[in-house]
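Undergrad: This structure is in structure tokens; I'll ask about it shortly.
What follows is calculated from the coordinates using simple rules that are stated; it is not laboratory data. Owing to the predicted nature of the structure, the values given are computational and were not obtained by experimental measurement. No Cβ is skipped: glycine too gets one built from the backbone with ideal geometry, and neighbour counts run over all protein chains shown.
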Amino acid sequence: MARSGSLWMRLASACCLAALGLAAAPAAPARAAGTLIWGMPADTDILDPQATGGWGTYQVTYQIFEGLVKEDLTKADVSTPPIVPALAESWTVSPDGLQYTFKLRPGVKFQDGTPFDAAAVKFNFDRFWNKSSPDYYPKTASFVAAYTKWIKAVDVLDPMTVRITLTAPDYEWLRQGLQSYGQPLMISPASVKKYGNAGVALHPVGTGPFMFVSRTQGVRTVLKRNPNYWGRPAKLDRIVFLPLEDPATRVNALRSGEVQMISTPPWDDIDSLVKAGFTLSTNDHAPYINFLYLNMHSKPFQDPRVRKAVNMAIDREGIARDIYRKTGRAEYGMLSPGTYAYDPNFKSYPYDPAAAKKLLAEAGYPNGFTTVFELPQYGTGELVETWIQRDLKKIGINVELRKYEWVTYLGLWAKGMTNDVGMDEIGWGMSTPSWVDIVVECGSVAPNGENSGYYCNPKVDALLNQALTTKDQGAAKALYQKANRMIMDDAAYVPTVDDLDPVILSPKVHGFVNPPEDWFDLSTVSIGN
Amino acid sequence: MLRSYLGKRLAAILPVLFGVSVIIFLLMHLAPGDVTTVLLGPQATEQDRVALRHTLGLDQPLPVQYGRWLERTAEGDFGTSIATSLPVTALILPRFVNTIILTVASLFLAVLIGYSAGLFAALRARSWFDRSMMTVTLIFGSTPPFWLGLLLVLLFALKLQWLPVSGMIDMAGDGGVLDTLHHLVLPAVTTALAPAAIIARMVRSSILESLGRPHVLVARAKGLRRRDLLRRHVVLNALPPIMTITGLQLGYLLGGALFSEVVFAWPGLGSLLYSSITARDMPVVQAATLLIALTFVLVNILVDLVNVLIDPRLQES
């Protein structure tokens, strides 16, 4: 028995030694200079900016592609990123606001060597707008609709000049091009012809400061510096985008030095990471609103007093303080803080549960009622929704939380709430105030748009349309703010708490700017000691 | 005899795979949510959605859709991923290989730890070693792997800094086999510990039962050397139930590996399957589940075959 035991013992020892040997192997091979590894909460979608949506994807495509103009994301201390020339050196707008003439930047080449000129611009507009062109790619249609629905004609005036004619004046049109659900950025025509429309997903070729190296779906996406970039060259050699879906893994990877940057950090870990020497970067003007839709087809919510009571019953400041751990901001209106029309002093319904209960009684619900809140198992998790459920319970409204997986939820949200559902939610926004049209206008009422709660006030629509066609930004701002007050007087929505776009950085990361946008310009970033 | 047994078992694979594919196909279609929502975004018009459904063939009746898929699959063509426009095979195979690497490493550890611990405990039954080993196996056997994984990360990656936290290679390095092995240690240990504990307990009880059998007593009375006694009369007779439980644990390891893939961001089939289900990427879901089912069935046949080789009486049953 002893001899047999010793045989097993020897085997076990050999294996332990082998395991120890592995453990003692070099912890990390020599690191390439200037590589930023970013731990992201999810993998990005396909890398075709004209045929995809989602901020996580723009965070990658923004580094590869550019448009005729772009938002300057190298400034954090502005409320809205200024629009600056990119592939167009300059542009003029006709006095009637209908024609935009772009003078293209000379000497620019796509990363595959294709020259950038008016023909390339025409090709791209044909791809995402011109249904009669053989180059049209139908999949782009819904992604760039907010931009293309205004276009009447695209004309090449000379090899370096393009004129775009709109169907009606829209003074937010340039920014809508950067904020559409997809982004109408310029793709190399030669690459599209070589790899096909679907091939852009794996062969993205633009003019930006970084160029595509490789991608393993769900594992990593690698970019490297574009050595022939027309503008200020990027400082980093490489960027690795790493999907780390488990929040704890993201935090641990940052702590161990495997990644130098993480987005969407778990709220509970923020304080300890900051104490451990990591940097928390947020932006007070993130163009983003979390809000609830109230269902105008559900009986209790047809009474504005009930809608106001719900708005008053939710302790937004408490959510921002205790759940978001100071990386959130209580919101009281439907204009995103990242837009020029935002009014920080506007407080529609401060927290007042006693007044809310009184209003509810006046509306004929002294003992409250029961309703359903549909929500996705995504994003902020269920902490905020549970908090809302608790607050509403305090004024007598019993809320049943119905959670759905994200895609299922999106389908329900887009179809509009059924009569038995009282509220649903979304987090969305753009740095143009014209975004609010998408969720409040009568023409957007579900299932024909994203107005999931069926709110419709023609006076609000008229104000929003007037704002869009008003050239003077001061006057447009006043119109947007008036519309916002009207929407909140109707208490049709419940803005809750906005995310300040928290990013946690290793002390080795220098030059990172968290602008009032949901994606970043990584060309300013470098890695040091 | 053995050949006909094997033939029967292999022939039974096809109906199993067919059943799995039908169930997955129906389940995916029963689930609410629409692939066009994912592909076209919330601003798509109903016209866009109808056109896309037509392009993807999703406007056809379910039996027609299934029939087309079956026809292509029978020809070895798993199609193109709806969400990523990549060939399904190119998407799945590398991830499957990664899952197999993790599963095989975990199996190796589970067998090594389980067999050693179980045998030692049985040979020293009711000693302090046996009692403490059984307590430890009880604890590991009932610990959720994702929690255990996080604890191991805290100790070995963050505190001691011996091992990496996540992934399969160092993203800033050049990779290589050594780098992958280094990344494999924690996920493999995490996946292996619970099955190792169950195997250890089964090995212990099986060996103990064997040790108490009359023919072992007779052999001992006849003065057979202890080593020969253990090898020829105890271990060999104890093997069938041990092999069966090991085979079953391999199924558990495949499932457990999926958990570890999340905690350690190990790029295996589990995370791909999850993202494909959430994206309603039917061709990928179908191919991945078929591959998992096929692996599971083949492993079971292999285990049964080994059992038959050890104990020929099983062939008759």
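Undergrad: Tell me, what are the semi-axes, in whole angstrom and largest first, of the equivalent ellipsoid of segment A:464-503 as set by the roots of 5 times the Cα gyration tensor eigenvalues?
TA: Details: eigenvalues 114, 57, 10 Å².
For segment A:464-503, the semi-axes come out at 24, 17, 7 Å.
Undergrad: Still on this model: About the Cα centre, and with charges only on the beta carbon of Lys, Arg (+1) and Asp, Glu (-1), how big is the dipole of chain B? Nearest 20 debye, please.
TA: Roughly 2040 debye for chain B.
Undergrad: Moving to a separate point now. What helices in chain A pass both tests, a Cα length along the helix axis of 18 Å or more and a mean Kyte hydropathy of 1.0 or higher, using whole DSSP H runs? It would help to have the intermediate numbers written out before the result.
TA: Values: long enough: A:2-23 (31 Å, 1.07); A:473-489 (24 Å, -0.51).
Answer set is A:2-23.
Undergrad: Could you tell me the calculated FRET efficiency between B:VAL177 and B:LEU305, based on Cβ-Cβ distance and R0 = 35 angstrom, to the nearest 0.05? Each step should come with its number before you reach the end.
TA: Details: r = 31 Å, r/R0 = 0.88.
Here the calculated transfer efficiency is 0.70.
Undergrad: Which of the aspartates and glutamates could a cross-linker bridge to A:LYS415, judged by Cα under 18 Å and excluding same-chain residues fewer than eight apart?
TA: Straight-distance partners of A:LYS415: A:GLU374, A:GLU405, A:ASP424, A:GLU425, A:ASP437, A:GLU441, A:GLU450, B:ASP34, B:GLU46, B:ASP48.
Undergrad: Arrange the peptides A:506-517, B:278-289, B:169-180 so that the one whose residues have, on average, the most other Cβ atoms within 10 Å appears first.
TA: Details: A:506-517: 18.5, B:278-289: 23.5, B:169-180: 16.0.
Those peptides, ordered most packed to least, come out B:278-289, A:506-517, B:169-180.
Undergrad: Evaluated at 10 °C with a viscosity of 1.306 mPa s, what Stokes-Einstein diffusion coefficient in µm²/s does the protein assembly as shown have when Rh comes from the Kirkwood expression over alpha-carbon pairs? Could you put the intermediate results ahead of the total?
TA: Numbers: Rh = 30.1 Å.
For the chosen part, D equals 53 µm²/s.
Undergrad: Among B:GLY268, B:SER116, B:ALA105, whose Cα lies farthest out toward the positive end of the dipole of segment B:93-285, if unit charges sit on the beta carbon of Lys, Arg (+1) and Asp, Glu (-1)?
TA: B:SER116
Undergrad: Sticking with this structure for a sec: Have a look at B:THR135, B:PHE146, B:SER206 and report the one farthest towards the positive end of the charge dipole of segment B:93-285, computed about the Cα centre with Cβ charges (Lys/Arg +1, Asp/Glu -1).
TA: B:SER206
Undergrad: Distance check, please: which entries in A:LYS326/A:LYS482; A:LYS131/A:LYS471; A:LYS122/A:LYS149; A:LYS70/A:LYS103; A:LYS326/A:LYS357; A:LYS326/A:LYS508 exceed 20 angstrom between their Cα atoms? Display every interim value, and only then the final one.
TA: Details: A:LYS326/A:LYS482 29 Å; A:LYS131/A:LYS471 30 Å; A:LYS122/A:LYS149 17 Å; A:LYS70/A:LYS103 15 Å; A:LYS326/A:LYS357 29 Å; A:LYS326/A:LYS508 24 Å.
From the list (A:LYS326/A:LYS482; A:LYS131/A:LYS471; A:LYS122/A:LYS149; A:LYS70/A:LYS103; A:LYS326/A:LYS357; A:LYS326/A:LYS508), the Cα-Cα distance tops 20 Å for A:LYS326/A:LYS482; A:LYS131/A:LYS471; A:LYS326/A:LYS357; A:LYS326/A:LYS508.
Undergrad: Looking at segment A:288-364, I'd like the Rg to Rh ratio, where Rg is from alpha-carbon atoms and Rh is Kirkwood's inverse mean 1/r. Could you put the intermediate results ahead of the total?
TA: Details: Rg = 13.8 Å, Rh = 13.7 Å.
Result for segment A:288-364 is an Rg/Rh of 1.01.
Undergrad: To continue, here is another question. Could you give the nm distance between label points at B:VAL104 and A:ARG321, where each point is 7 Å from its Cα heading toward the beta carbon?
TA: Placing both labels 7 Å along Cα→Cβ, they lie 5.8 nm apart.
Undergrad: Measure off 7 Å from each Cα along the Cα-to-Cβ vector at B:LEU217 and A:ALA168, then give the distance between these two points in nanometres to one decimal.
TA: Placing both labels 7 Å beyond Cα along the Cβ direction yields 9.9 nm.
Undergrad: Taking θ = phi - 60°, what integer Hz values does the Karplus form 6.51 cos²θ - 1.76 cosθ + 1.60 yield along segment A:100-114, in sequence order, with x for Gly and Pro?
TA: 10, 10, 9, 8, 7, 6, x, x, 8, 10, 5, 5, 9, x, 5
Undergrad: If I model segment B:93-285 as equal point scatterers sitting on the Cα atoms and use the Debye formula, what is log10 I(q)/I(0) at q = 0.10, 0.11, 0.18, 0.19 Å⁻¹?
TA: -0.51, -0.59, -1.13, -1.21
Undergrad: With r defined as the distance between the Cβ atoms of B:LEU155 and A:SER94 and R0 fixed at 60 Å, what FRET efficiency is calculated, to the nearest 0.05?
TA: Working: r = 68 Å, r/R0 = 1.13.
E between B:LEU155 and A:SER94, to the nearest 0.05, is 0.35.
Undergrad: May I ask you to list the lysines whose Cα is less than 21 Å away from that of B:LYS222, ignoring any residue fewer than eight positions away on the same chain?
TA: Within the straight-line limit of under 21 Å, B:LYS222 reaches no lysines at all.
Undergrad: Here's a follow-up. Can you tell me how segment A:182-313 classifies by the Cα gyration tensor, rounded, prolate or oblate, using a/c under 1.5 as the rounded cut?
TA: oblate
Undergrad: Which of the helices in chain B, when you take each full DSSP H run, stretch at least 27 Å along the axis at their Cα atoms and have an average Kyte-Doolittle score of 1.0 or higher? Walk me through the numbers before you get to the answer.
TA: Working: long enough: B:88-123 (51 Å, 1.92); B:177-211 (44 Å, 1.13); B:236-263 (39 Å, 1.20); B:282-310 (42 Å, 2.16).
Within chain B the helices that satisfy the rule are B:88-123, B:177-211, B:236-263, B:282-310.
Undergrad: What nm value, rounded to one decimal, do you get for the distance between B:ARG226 and B:ILE13 when each label is placed 7 Å out toward the C-beta?
TA: 4.5 nm
Undergrad: What number in nm² do you get for segment A:207-271 if you take the convex hull of its Cα atoms and divide its surface by four?
TA: On the way: hull surface 22.4 nm².
The number I arrive at for segment A:207-271 is 5.6 nm².
Undergrad: If you average the C-alpha positions of segment A:184-207 and of segment B:244-291 separately, how far apart do those two centres end up, in angstrom?
TA: For segment A:184-207 versus segment B:244-291, the Cα centre distance is 33 Å.
Undergrad: Can I ask one more? If I take all pairs of Cα atoms in segment B:54-135, what percentage of them are more than 18 Å from each other? Write down the numbers at each step before the final one.
TA: On the way: 2208 of 3321 pairs.
In whole percent, the long-distance tail amounts to 66.
Undergrad: Something else: Just from its helices, what would the mean residue ellipticity at 222 nm be for chain A, if runs of 4 or more DSSP H residues each count -39500 (n - 2.57) and the sum is divided by every residue, rounded to the nearest 500 deg cm²/dmol? Kindly include the intermediate steps, with their values, before the conclusion.
TA: Numbers: 15 runs with 155 residues, N = 529.
For chain A, the value works out to -8500 deg cm²/dmol.
Undergrad: Suppose R0 equals 56 Å; then what is the FRET efficiency for B:TYR5 and A:LEU383 from their Cβ-Cβ distance, rounded to the nearest 0.05?
TA: Working: r = 56 Å, r/R0 = 1.01.
After rounding to 0.05, the efficiency reads 0.50.
Undergrad: Please identify which residues in segment A:422-442 have an amide N closer than 11 Å to a label point set 7 Å out from the Cα of A:ASN465, following the Cα→Cβ vector.
TA: Under 11 Å, as judged by backbone N against the label point of A:ASN465, lie A:442 of segment A:422-442.
Undergrad: Return the long-range amide H neighbours of A:TYR404 (sequence gap of 5 or more, or a different chain), with a cut-off of under 5 Å between placed amide H atoms.
TA: A:LEU375, A:GLN377
Undergrad: What is the count of Lys pairs in segment A:150-295 whose alpha carbons sit under 26 Å apart, if the two are 8 or more places apart or on different chains? Numbers along the way, then the final one.
TA: Values: A:LYS152/A:LYS193; A:LYS193/A:LYS224; A:LYS194/A:LYS224; A:LYS224/A:LYS235.
Within segment A:150-295, the lysine pair count is 4.
Undergrad: Taking amide H positions as placed in the peptide plane 1.01 Å from N, state which residues far from A:ALA141 in sequence (5 or more) or on other chains have amide H under 5 Å from it.
TA: Under 5 Å from the amide H of A:ALA141: no residue qualifies.
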